[in-house]
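In what follows, a structure is listed as structure tokens, so that the remarks can point back to it.
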Amino acid sequence: MDISREHFRAMTFYDFKCGLTQQQCIDRLHSAFGDEAPSKTTVYDWFAEFKRGCTSLSDEFREGRPLTTVVPANINAVRETSEVARHVTYQQIEASLRIGKSQIQMILHEHLLVKKLCSC
């Protein structure tokens, strides 16, 4: 069974409104859902939010880390590099553009839709 984060938060909010303690809520969730239940820290954080008056059951939108290296200039540079030298490695692109492997992988696979066909 795949229970969403919002469902667990709703169950926790119900326990909070019923006057249960954090530990009682944790025990109920773990007895019903085992390893799928949220962690102790998560339940304590949610109880703290409910005490402050926050009753939203969904997560607030938060900006992620800004994409400083996955920009059109770097996407075009990786495209040109891979078109000129078809067997270029991540290390070679990393050395020439000075951007990390994870960003190179993101550019190749998500933006340029490059797939590895053969490892020969």
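So here's what we get for this one:
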| quantity | calculated |
| --- | --- |
| Lysine-lysine proximity count for the chain, Cα under 30 Å, sequence distance 8 or more or distinct chains | 5 |
| Distance (nanometres) between label positions extended 7 Å along Cα→Cβ at residue 102 and residue 60 | 2.4 |
| Surface share of carbon and sulfur [accessible, 1.4 angstrom probe, percent] for the chain | 52 |
| Nearest-20 debye value, the chain charge dipole, Cβ charges on Lys, Arg, Asp, Glu | 260 |
| Linear extension gain, residue 48 paired with residue 17, 0.36 nm per residue minus alpha-carbon span | 9.9 nm |
| C-alpha long axis of helix 5-17 to longest principal axis of the chain, angle in ° | 20 |
| Residue-averaged [θ]222 nm for the chain, counting only DSSP H segments that reach four residues, each worth -39500 (n - 2.57) | -16000 deg cm²/dmol |
| Using alpha-carbon coordinates, inclination of helix 22-33 to the longest axis of the chain, degrees | 70 |
| On Cα atoms only, tilt of 40-51 relative to the major axis of the chain in degrees | 70 |
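The values are calculated or read from the model by the stated rules, or taken from the named source; none is laboratory data. No experiment lies behind these values; they were computed from the predicted model shown. Here Cβ is always computed from backbone atoms with ideal geometry, including for glycine, and neighbour counts include all displayed protein chains. The area values use the complete protein model at the heavy-atom level, side chains included, leaving out ligands, DNA and RNA. Shrake-Rupley method; radii C 1.70, N 1.55, O 1.52, S 1.80 Å.
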